[in-house]
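The values are calculated or read from the model by the stated rules, or taken from the named source; none is laboratory data. All of these numbers come straight from a predicted model, not from anything done at the bench. When we count neighbours, we look across all protein chains shown, and the Cβ atoms used for this are built from the backbone with ideal geometry, even at glycine.
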Amino acid sequence: MKLEKFISELSKIFETKKIDINQKITNHKNWDSLTSLSVLSLIDANFRKSKLNLTKIEKFKSIKSLYEYLSKK
Amino acid sequence: MLLNFKDKVISSIISVIPDKKIKFESGMKNYNFSKDQNLKLKKIMGFGARHVAKKKMTVSDLSIHGIKFLIKKNIIKKKDIGAIILVTQTPDHIIPPTSNIIQSKLNLSNNTLCLDINQGCAGYLIGLMVSFNILNLKKFKKILLINADVLSKKVSKFDRNSHPLIGDAATISVVENKKNEKIFLSLNMDGKNANFLKIPAGGIKIPFSKFTSKLKTDKSGNKRSLENLFMKGDEVYLFIMNTVPKMIESILKKNKLYLEQIKYFFFHQPNKFILKKLSEKMNIDEDKMPNNIVGMYGNSSGASIPINICKNFKKKSTRKDNLVCLAGFGVGLTWASMIINLSSLKFKKIIKLS
């Protein structure tokens, strides 16, 4: 999945075009228990990092660094 | 582990649902969510109504109501009942087994085996496995397999993780020896992650006390006490997505079956979201994997698969068209699936108890 697509999927989940890739995903104003579940599902369906729980996702300092980790083969 | 069984059938299933119906909206005010968030939660998870037991209604009440119905309609005769196997996590008492209470209230003979099993969302498959094995004993009569829980009594109303989905129910399946196609079972356990789904207090390790009934707020604003059901939502989701599709793929492959040969996938229904994601991941039509139970009655743990069958199974005249796949996943952690032909299912019904 390309970065642009990843961002557009996130903007569908968060229901806003405002996605700052330098921001921590868990700091997005629409991050909650429901949107976080959709993020888990997005990752599960598109990347091979199946063990990434919320505690681990929270550790990425930006959406960009999360994406880079996910795209690593 | 992969197991198989010969010439066992489920001949009847009755589901008993408490009459008391609660709509999602009536619990919303207690969740730490805005109105918009709540409505989104409802839509995505497919929450609608739940049926819950009245204050004094127990597992034995629901079960006895169903068994009496079966006896009255002559679906089973008292003298043909060889065992009551009850799968529950909310027994009437810690001691004695609730199955013995049911035996006594129905005046069943002393030759009846009574057995309680502590299992949750995969409890239907565990119960069937135990029933099939007991039926291998010489001249064993029919088995009443009961899956019943009143978990709504153990859920905090301030916990939007669990409260909007839990419903109560009992199902009684008549399991017996009769010619049938081979039955395949895949059974898997992971006690290392047992903490993902737990009621911490009320057993011997943490007895009830003033301390255990105190509500505490978690990071997401949900309030619950140590006496309430606790579910680690993200971990449970990952567990299901990581284990269930692989399990189904392997049970089919090992037994030389194809996805297309299975007419229905009657899965446990925790919420609509998970079932949709499972059907997408496994490339199964949503029509073949019903997800309508949780929004009508709630998630009733081990009873949800038999309720799913009662509501959605349409028997065909050709035997091969009645081949179905059942799957349960949750507490334990446990995940299990079974491929079984339901051609011998001659009676199924959903009734209410007020």
(Q) Restricting to region B:189-212, name every residue that is buried (at least 18 other Cβ atoms within 10 Å of the Cβ) and touching a strand residue (DSSP E or B) at 6+ places or on another chain (Cβ under 6 Å). (A) B:Leu197
Q. Looking at A:Lys18, is it over 29 Å from B:Phe196 (Cα atoms) and of a type outside the set (Gly, Ala, Ser)?
A. yes
Q) Hey, A:Leu34 hits all of (1) at pLDDT 90 or above; (2) surrounded by 16 or more Cβ atoms within 10 Å (Cβ to Cβ) but one; which does it fall short on? A) (1)
Q) Does B:Asn107 count as farther than 30 Å from B:Phe273 by Cα, modelled with pLDDT of 95 or more and more than 14 Å from chain A (Cβ to nearest Cβ)? A) yes
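Could you tell me how many of the residues in region A:27-38 are more than 8 Å from chain B (Cβ to nearest Cβ), part of a helix (DSSP H, G or I) and in contact with a helix residue (DSSP H, G or I) (Cβ under 6 Å, 6 or more places away or on another chain)? Please lay out each step first, then the result.
Start the filter on region A:27-38 by keeping residues that are more than 8 Å from chain B (Cβ to nearest Cβ), which leaves A:27-31, A:35.
From what is left, the residues that are part of a helix (DSSP H, G or I) are A:27, A:35.
Subset that is in contact with a helix residue (DSSP H, G or I) (Cβ under 6 Å, 6 or more places away or on another chain): A:35.
Of the residues in region A:27-38, 1 are more than 8 Å from chain B (Cβ to nearest Cβ), part of a helix (DSSP H, G or I) and in contact with a helix residue (DSSP H, G or I) (Cβ under 6 Å, 6 or more places away or on another chain).
Is it the case, given these coordinates, that B:Pro200 is closer than 28 Å to B:Ile14 by Cα and part of a loop (DSSP other than H, G, I, E, B)? Give the steps one after another, and end with the answer.
Numbers: closer than 28 Å to B:Ile14 by Cα: no; part of a loop (DSSP other than H, G, I, E, B): yes.
When the stated conditions are applied, B:Pro200 does not pass them.
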Q.
Looking at B:Ile102 and the list (1) of a type outside the set (Lys, Arg); (2) within 30 Å of B:Lys272 (Cα to Cα); (3) assigned to a helix (DSSP H, G or I), which single condition is not satisfied?
A. (2)
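Where in region B:241-354 are there helices (runs of 4 or more DSSP H), lying fully within it, with 1 or more residues that are farther than 30 Å from A:Leu42 by Cα and in contact with a strand residue (DSSP E or B) (Cβ under 9 Å, 6 or more places away or on another chain)?
The qualifying helices (runs of 4 or more DSSP H) are B:304-312.
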Q) Restricted to region B:213-266, and to residues that are within 27 Å of B:Lys198 (Cβ to Cβ), among the hydroxyl-bearing types (Ser, Thr, Tyr) and within 23 Å of the chain's Cα centre (by Cα), which residue is nearest to the other protein chains (Cβ to nearest Cβ)? A) B:Tyr237
Q.
Looking at (1) surrounded by 15 or more Cβ atoms within 10 Å (Cβ to Cβ); (2) assigned to a helix (DSSP H, G or I); (3) more than 9 Å from every other protein chain (Cβ to nearest Cβ); (4) free of Cβ contacts under 8 Å to residues at least 60 places away in the same chain, which one does A:Glu68 not meet, given that it meets all the others?
A. (1)
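Can you pull out every residue in region A:4-27 that is closer than 11 Å to A:Leu66 by Cβ and of a type in the set (Ser, Thr, Tyr)?
Initially, region A:4-27 is screened for residues closer than 11 Å to A:Leu66 by Cβ, giving A:6, A:10, A:21, A:23-26.
Passing the criteria: only A:Thr26.
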(Q) Every residue in region A:45-60 that is surrounded by 19 or more Cβ atoms within 10 Å (Cβ to Cβ) and facing another protein chain (nearest Cβ under 7 Å), please. (A) A:Leu54
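Scan region B:1-29 for residues that are surrounded by fewer than 16 Cβ atoms within 10 Å (Cβ to Cβ) and either outside any strand (DSSP E or B) or not hydrophobic (A, V, I, L, M, F, W, C) (or both) and report the count.
Here is the first cut: in region B:1-29, the residues surrounded by fewer than 16 Cβ atoms within 10 Å (Cβ to Cβ) are B:1-4, B:6-7, B:19, B:23, B:25-26, B:29.
Okay, now just the ones that are also either outside any strand (DSSP E or B) or not hydrophobic (A, V, I, L, M, F, W, C) (or both), so B:1, B:4, B:6-7, B:19, B:23, B:25-26, B:29.
Looking only at that region, the number is 9.
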